[in-house]
1. Only one of (1) open to solvent by less than 10 Å² (accessible area, probe 1.4 Å); (2) away from the ligand (no atom under 16 Å from the Cβ); (3) of a type in the set (Asp, Glu) fails for Glu162. Which number is that?
2. Out of the residues in segment 165-178 meeting the condition of being of a type outside the set (Ser, Thr, Tyr) and free of Cβ contacts under 8 Å to residues at least 60 places away in the same chain, tell me which one is surrounded by the fewest Cβ atoms within 10 Å (Cβ to Cβ).
3. Output the residues belonging to segment 17-48 that are among the aliphatic types (A, V, I, L, M) and buried (at least 23 other Cβ atoms within 10 Å of the Cβ).
4. Take the residues of segment 179-202 that are over 16 Å from Leu134 (Cα atoms) and more than 13 Å from the ligand (Cβ to nearest atom): which is surrounded by the fewest Cβ atoms within 10 Å (Cβ to Cβ)?
5. Hey, can you tell me all the residues within segment 59-78 that are more than 16 Å from the ligand (Cβ to nearest atom) and open to solvent by 10 Å² or more (accessible area, probe 1.4 Å)?
6. Does Glu129 satisfy the criteria of being at pLDDT 95 or above and away from the ligand (no atom under 16 Å from the Cβ)?
7. Does Tyr140 satisfy the condition of being closer than 27 Å to Ile356 by Cα, under 18 Å from the mean Cα position of the chain (by Cα), within 12 Å of the ligand (Cβ to nearest atom) and surrounded by fewer than 22 Cβ atoms within 10 Å (Cβ to Cβ)?
8. Among the residues of segment 209-226, is there at least one that is over 18 Å from Asp63 (Cβ atoms) and within 19 Å of the chain's Cα centre (by Cα)?
Amino acid sequence: MKRYPFCDLGKINAPYRDAIMEAMGRVVDSGRYIGGAEVEALEHEMTLLTGARYAVGTGNGLDALRLIFRALIELGRLKKGDGVAVPANTYIASMLAVSDNGLRVVPVDARIDTLLIDPEELERVAEREDVKCLLTVHLYGRTAWNDAIAETAKRRGLIVVEDAAQSIGSRSATPGLAGGRVSGHLGHAGAFSFYPTKNLGALGDGGMVTTDDEELAKTVRALANYGSDRRYHNVYQGQNSRLDPLQAAILLAKLPGLEAENRHRRRLAEIYDEVIAGEGIVKPSLPSVPEESVWHQYVILSRERDELRRRLASKGIETDVHYPVAPHQQPCYRGVLTGSYPVAERIAREAVSLPITSLTSEEDAREIGRNVGGYKVMRGQG
Ligand SMILES: *Cc1c(COP(=O)(O)O)cnc(C)c1O
């Protein structure tokens, strides 16, 4: 039986094997194992990719987010206890970065058609609560930025942080606060992750902060390096979260393939959209501008999720669930996040992620899409 892997990282990285080995050899020979030319080169590439003026490598994506919030506090732009609006259906790392800094997580429910933060809910929350900041999450690779969100952010004077961990290279039809068009350059600062399964994945952990704000970039860099702004001079009680030069070199080796990879994912999403038809299935809407998503995941909703996944598995089709528990319902937030967020809770119950990597061919997507059938499709409702 043919098998349709959900995500086979060894095979995904195989085409880059020679380039990766060459890049690693370069680092070994350089004798420079913290910081250095490879990290600087990747930071430079990320300024070119996003359009942001500064990029600072970090140990991982969660730290990239945590360091942004910590820097905003150190600079007096946020203070402990301030509310940060966060989509209720995000990966939990987004919320951990906020609560870990003594900021208050204010979950905002999602829309069922985009699976992104609901602009109307954001508007309501921003009116009602002491919210000073929006952490917008470009979940599943789709840019969570549009006219309504931008309007709320501007009118309420919100600091906008982007969780771009899943969205490297995605664009926005609505200009960012400083006119940017690429995720990571729409708000005041963006956080990227190079976790191995991300669209641009390392062979270990890695992350990056992007911003136009020189003071913020410098503060993040210092905080990530023991709070030190120059050697043996510690202005903050910082941490150690630096991008590993081996990972930077590997990422530089893979970066030339990113655009084709994102294009391929977009094509697969179009095929899924064409082919998937069945009762009780909700497909994501296709963005009006295709470049708005880099389709880190293609997530459908099904009331009969377990049944559907079993049926697909029996045909050799692997699926996954992102994410089975909404973060506010995790034990770590019990008694802390007590509201109910029906759309996020429904997504956690019904989400199924279909294969959408370089290992999935267009023909595979057709076959997988056909096999999803047997249920009636509803788009953004039901
Ligand atoms: C992966 C991810 C993170 C965290 O990145 P790590 O590099 O794993 O720390 C944060 N937010 C979202 C939405 C993610 O998908």
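1. (2)
2. Once the filter is applied, the top-ranked residue is Pro175.
3. Answer for segment 17-48, where residues must be among the aliphatic types (A, V, I, L, M) and buried (at least 23 other Cβ atoms within 10 Å of the Cβ): Val39, Leu42, Met46.
4. Of all residues in segment 179-202, those over 16 Å from Leu134 (Cα atoms) come to 179-182, 192-202.
When the remaining residues are screened for being more than 13 Å from the ligand (Cβ to nearest atom), the result is 179-182.
Working: Gly179: 10, Gly180: 21, Arg181: 18, Val182: 22.
Looking at the filtered set, the residue picked out is Gly179.
5. Residues satisfying the conditions are Ile73, Glu74, Leu75, Gly76, Arg77.
6. Values: at pLDDT 95 or above: no; away from the ligand (no atom under 16 Å from the Cβ): yes.
Judged against the criteria, Glu129 is not a match.
7. Considered against the rule, which asks whether it is closer than 27 Å to Ile356 by Cα, under 18 Å from the mean Cα position of the chain (by Cα), within 12 Å of the ligand (Cβ to nearest atom) and surrounded by fewer than 22 Cβ atoms within 10 Å (Cβ to Cβ), Tyr140 comes out as no.
8. Looking through segment 209-226, none of the residues is over 18 Å from Asp63 (Cβ atoms) and within 19 Å of the chain's Cα centre (by Cα).
The values are calculated or read from the model by the stated rules, or taken from the named source; none is laboratory data. Bear in mind that the values here come from a model prediction, so they are computed numbers and not experimental data. Here Cβ is always computed from backbone atoms with ideal geometry, including for glycine, and neighbour counts include all displayed protein chains. Side chains included, ligands, DNA and RNA excluded: accessible areas come from the protein's heavy atoms. Shrake-Rupley method; radii C 1.70, N 1.55, O 1.52, S 1.80 Å.
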